[in-house]
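The values are calculated or read from the model by the stated rules, or taken from the named source; none is laboratory data. Note that the coordinates shown come from a computational prediction; the quantities given were computed from them, not determined experimentally. So basically every Cβ, Gly included, is an ideal-geometry build from the backbone, and we count neighbours across all protein chains shown. Each accessible area value is taken on the protein alone, full model and side chains, heavy atoms only, with ligands, DNA and RNA left out. Shrake-Rupley method; radii C 1.70, N 1.55, O 1.52, S 1.80 Å.
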Amino acid sequence: MKLVRKDLEKDNAGQVTLIPEEPEDMWHTYNLLQVGDSLRASTIRKVQTESSTGSVGSNRIRTTLTLCVETIDFDSQACQLRVKGTNIQENEYVKMGAYHTIELEPNRQFTLAKKQWDSVVLERIEQACDPAWSADVAAVVMQEGLAHVCLVTPSMTLTRAKVEVNIPRKRKGNCSQHDRALERFYEQVMQAIQRHINFEVVKCVLVASPGFVREQFCDYMFQQAVKTDNKLLLENRSKFLQVHSSSGHKYALKEALCDPAVTSRLSDTKAAGEVKALDDFYKMLQHEPDRAFYGLKQVEKANEAMAIDTLLISDELFRHQDVATRARYVKLVDSVRENMGTVRIFSSLHVSGEQLGQLTGVAAILRFPVAELSDQEDESGSEED
């Protein structure tokens, strides 16, 4: 994302002009937009024209509109963003108050104005405009007959290809059908890796599977690369890292990212940091439950006691339509930072973010046990009984 201009007042009202450059920037833009914001961008409008003879025709005209945002629709697979709203600035082609839908796309500038730019939104702009946050991890999660080729960006886990091949069982004295199907499967996965992984950007490719599938696949792939003199794969051989996972489904990627060998290799990526934070939370919940809380009310009480060491919160919560509810989450984030705690904002499109979403979207690891919170819960539960 490229920041063209930033004009903010003392009360944090104002506007920013941005140019999304990568597909992932559309996800950042989606998280910046809120209902009631003002969006100015170039768009195409179908306009009816009347000639001097009275005949009516219609033309598609490119014009710049300023909309008051009403609905925001994001397609995560295509990384497309459609914003619908009413026109709030005079325009020769579109009446004031008329509805229009702007399709935001990469490399097209837009200006976003808000009455209040809060700390979470401003931080997202900083992250989006920092080139170090680009996708630098790829993963192949596989089992016999099923593979997912994914890109693990700081904000989301994108499935770039799904390979499914029916593998017949081995039969006594005749394994040829099984072996041929397996070879066909490995070949398709290898093609998907070459098609979807940009080795100029990617620092590491995780190959995760149960059993020996990953070893057999990597042996096959590099044997083929030597046979065909595939320089792309041979030059990047050191980037491939084999790890265990329980299956070839996308959700198994979280296990692979938790592997200590992977964590040390990916220590400079945000994705690994989030996965480790969630893993630490689960361990704390298991061994010291008085130091691990989830749910907004409990986490807020822990924060009042200045007990939060690490706050885990989903970016989905900041897209809440109710301004007061959103402000409550922003206040929690600011307060934890003021108390010298760490805040990790998880992406709801990332596997770790999906898992945090199942825990209400907000959780905290505490510096010290806060037993009275658990006691209060027990008391309120017994009173209800």
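Let's see how each residue does on (1) open to solvent by 20 Å² or more (accessible area, probe 1.4 Å); (2) on the phi > 0 side of the Ramachandran plot; (3) outside any helix (DSSP H, G or I); (4) touching a residue at least 24 places away in the same chain (Cβ under 8 Å):
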| residue | (1), (2), (3), (4) |
| --- | --- |
| 116 | yes, no, yes, yes |
| 120 | no, no, no, yes |
| 125 | no, no, no, yes |
| 160 | yes, no, yes, yes |
| 186 | no, no, no, yes |
| 201 | yes, no, yes, yes |
| 207 | no, no, yes, yes |
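If I filter the range 170-179 down to residues being more than 19 Å from residue 217 (Cβ to Cβ) and outside any helix (DSSP H, G or I), which single residue comes out as modelled with the lowest pLDDT?
By that ranking, first place goes to 173.
Taking the condition of being touching a helix residue (DSSP H, G or I) at 6+ places or on another chain (Cβ under 6 Å) and crowded, with 17+ Cβ neighbours inside 10 Å, how many residues in the range 226-240 meet it? Please lay out each step first, then the result.
From the range 226-240, those touching a helix residue (DSSP H, G or I) at 6+ places or on another chain (Cβ under 6 Å) are 233-234; that's our starting set.
Now drop any that are not crowded, with 17+ Cβ neighbours inside 10 Å, which leaves 233.
Qualifying residue count, the range 226-240: 1.
For the range 217-236, indicate whether the set of residues that are on the phi > 0 side of the Ramachandran plot and assigned by the TED database to the domain that holds residue 141 is non-empty.
yes
Across the range 91-114, which residue is surrounded by the most Cβ atoms within 10 Å (Cβ to Cβ) among those that are within 11 Å of residue 64 (Cα to Cα) and aromatic (Phe, Trp, Tyr)?
110
Are any residues in the range 304-342 assigned to a strand (DSSP E or B), under 14 Å from residue 123 (Cβ atoms) and open to solvent by 10 Å² or more (accessible area, probe 1.4 Å), and if so, which ones?
Initially, the range 304-342 is screened for residues assigned to a strand (DSSP E or B), giving 308-314, 342.
Now narrow it down to the ones that are under 14 Å from residue 123 (Cβ atoms): 311, 313, 342.
Once the filter is applied, which keeps residues that are assigned to a strand (DSSP E or B), under 14 Å from residue 123 (Cβ atoms) and open to solvent by 10 Å² or more (accessible area, probe 1.4 Å), the range 304-342 yields only 342.
Being more than 17 Å from residue 107 (Cα to Cα) and assigned to a strand (DSSP E or B) is the filter here; which residues of the range 27-42 pass it?
Hit for the range 27-42 is 38, nothing else.
Among the numbered criteria (1) polar (S, T, N, Q); (2) closer than 30 Å to residue 315 by Cβ; (3) surrounded by fewer than 13 Cβ atoms within 10 Å (Cβ to Cβ), which single criterion is violated by residue 223?
The one condition residue 223 does not meet is (2).
Starting from the range 30-44, take each residue that is more than 9 Å from residue 112 (Cα to Cα) and list its partners that are basic (Lys, Arg), counting only C-beta distances under 6 angstrom and pairs at least six apart or across chains.
Hits for this filter: 31/124; 44/60; 44/62.
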